[in-house]
Amino acid sequence: MGIKKRNKINAEFSMSSLTDIIFLLLIFFMLTSSLVQINMELPVSDAKTVAPSDISVMITRSGEMTLNSKKTSLRALKGQISTLLQTMENRKNATITIIAEKDVPWSKTTDIVRVANALNCRAIIATQPSN
């Protein structure tokens, strides 16, 4: 009876362990990036032109929000802006000006930008004039 030798080396590389590690790293960075908060000061501008403002949203440090000088909340903001847009003549070029105090978290500003994007409006951030 002939005994066969097995000296063939398997040259395949198992990618399953590598994809598991990459997937775990992806989940780790996704979870930790949501915990990091970016605090930014509003930009300073030396522009002399004033952008047209159809709708103004102001955010205070305490989290109070006003829409055209009337108190509102983030939940009600989308509906209120939508009704304002329906009464406007120039809906396509409607601009929402975001006026945020210096220490307002950037996430609150981006919430208003998301509302503007959902309603197909332009959103601009009011800046401080440079001295």
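Structure values in brief
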| item | result |
| --- | --- |
| Extreme residue, farthest from M58 (Cα to Cα), among residues of the stretch 120-131 that are loosely packed, with under 14 Cβ neighbours inside 10 Å and not small (G, A, S) | N131 |
| Whichever residue in the stretch 80-119 is part of a helix (DSSP H, G or I) and among the β-branched types (V, I, T) and, among such residues, is nearest to I59 (Cα to Cα) | T109 |
| Filtered residues of the stretch 51-86 (kept if among the hydroxyl-bearing types (S, T, Y) and either modelled with pLDDT of 85 or more or closer than 17 Å to A126 by Cα (or both)) | S53, S56, T60, T66, S69, T72, S73, S82, T83 |
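Residue-wise test of (1) more than 26 Å from S33 (Cβ to Cβ); (2) among the β-branched types (V, I, T); (3) touching a strand residue (DSSP E or B) at 6+ places or on another chain (Cβ under 6 Å).
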| residue | (1), (2), (3) |
| --- | --- |
| K71 | yes, no, no |
| S82 | yes, no, no |
| N90 | yes, no, no |
| I96 | yes, yes, yes |
| S107 | no, no, no |
| D111 | no, no, no |
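The values are calculated or read from the model by the stated rules, or taken from the named source; none is laboratory data. Everything quoted here is computed from the prediction, not taken from an experiment. Note that we place each Cβ from the backbone using ideal geometry, even for glycine, and neighbour counts take in every protein chain shown.
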